1. Restricting segment 167-187 to residues that are at pLDDT 95 or above and among the small types (Gly, Ala, Ser), which is surrounded by the fewest Cβ atoms within 10 Å (Cβ to Cβ)?
2. Any chance segment 132-150 includes a residue that's surrounded by fewer than 19 Cβ atoms within 10 Å (Cβ to Cβ), assigned to a helix (DSSP H, G or I) and not assigned by TED's automatic domain parsing to the domain that holds residue 58?
3. Go through segment 1-115 and tell me which strands (runs of 3 or more DSSP E), entirely inside it, have 3 or more residues that are modelled with pLDDT of 95 or more and over 23 Å from residue 239 (Cα atoms).
4. Which one of the conditions (1) among the charged types (D, E, K, R); (2) in contact with a strand residue (DSSP E or B) (Cβ under 7 Å, 6 or more places away or on another chain); (3) within 23 Å of residue 54 (Cα to Cα) does residue 212 fail to meet, given that it meets all the rest?
5. Sort out which residues of segment 19-73 are touching a strand residue (DSSP E or B) at 6+ places or on another chain (Cβ under 6 Å) and small (Gly, Ala, Ser), and write them in order of number.
6. Residues that are closer than 30 Å to residue 195 by Cα and either free of Cβ contacts under 8 Å to residues at least 60 places away in the same chain or of a type in the set (S, T, N, Q) (or both): does segment 124-134 have at least one?
7. Are there any pairs with C-beta distances below 7 angstrom linking a residue in segment 191-204 that is farther than 14 Å from residue 146 by Cβ to a residue that is of a type in the set (S, T, N, Q) and surrounded by 20 or more Cβ atoms within 10 Å (Cβ to Cβ), with the two at least 6 apart or on different chains, and if so which?
Amino acid sequence: MKEEKPRGRFVWYDLMTTDPPKAVEFYTGLVGWGTTQWEGGSPYTMWTVSSVPIGGVMQLPPESGAPPHWLAYISSPDTDATVKQAEGLGAKTLVAPNDVPTVGRFAVMSDPQGAVFAIFTPLASAPGHEGAPTVGEFSWHELATHEQPAAFRFYEMLFGWNKTTAMDMGEMGTYQMYGRNGIELGGMLNKPPQMPGPPAWTHYILVDDINRAAGAAKSGGGQIINGPMEVPGGDWIFQGIDPQGAMFAVHAKAKA
């Protein structure tokens, strides 16, 4: 039976940016997403895969003081209870629990080491689906942090994630992969000294051709800062910065 209000599933992705129309142009060229308008009280463009919404793009408020960025929403049966638990574990509330009429309730948090994420409880069924992602969806969720073991314990307690496989990265420590319900969701690592900025989440978009995506990123005005590169198991990835300055990442499965 479908879980209406699941715990610990990534369900929505918002791009907060300084130029939504230009961002739409870039990502539709990069990934092939469609767009549709939310029939709500304020303008909001949603990204779609096969006409199904997976996230949205919003104007970044100048007063926020934050650079353009992606924000992922993780589902919870009870946003308020999860916020209270997260605060008890050392997290900070950046946006207190809020209702989106006809949609659900959300909050924005920073974890104990400073990485930002959002919590979402839907009024009806949660967006997205169980199981493996399809092309155009987000397929990997990577946390670069100061103390990976402590970060994993935080999210394990909050969302019930479990350890899956791990990879020894030498001086950088262990790359710990995690998942839920038998599906790997991503990995966590200690942030290397050369990586700029505070601890942060990076969310990878699944494409069918890494080289085509890299070409589209460059021709669309983005920068590739790492890759394309093959990773253990034969998959390919790259990380980049979009024309407005938001970091993004792309993932292609190993060819059969």
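The values are calculated or read from the model by the stated rules, or taken from the named source; none is laboratory data. Fair warning: this is a prediction, and the values are worked out from it, not measured in the lab. For neighbour counting, all protein chains shown are included, and Cβ atoms are generated from backbone atoms with ideal geometry for every residue, glycine included.
1. Going through the qualifying residues, I end up with 179.
2. Filtering segment 132-150 down to residues surrounded by fewer than 19 Cβ atoms within 10 Å (Cβ to Cβ) leaves 132, 134-135, 146-147, 149-150.
Those still in the list that are assigned to a helix (DSSP H, G or I) too: 149-150.
From what is left, the residues that are not assigned by TED's automatic domain parsing to the domain that holds residue 58 are 149-150.
Scanning segment 132-150 turns up at least one residue that is surrounded by fewer than 19 Cβ atoms within 10 Å (Cβ to Cβ), assigned to a helix (DSSP H, G or I) and not assigned by TED's automatic domain parsing to the domain that holds residue 58.
3. Per the criteria, 92-100, 104-110.
4. (2)
5. Correct list: 23, 34, 55, 56, 72.
6. yes
7. Hits for this filter: 204/139.
One line per residue, one yes/no per condition, for (1) of a type in the set (Asp, Glu); (2) out of contact with any strand residue (DSSP E or B) (no Cβ under 6 Å at 6 or more places or on another chain); (3) not assigned by TED's automatic domain parsing to the domain that holds residue 35:
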| position | (1), (2), (3) |
| --- | --- |
| 102 | no, yes, no |
| 105 | no, no, no |
| 110 | no, no, no |
| 155 | no, yes, yes |
| 166 | no, no, yes |
| 176 | no, no, yes |
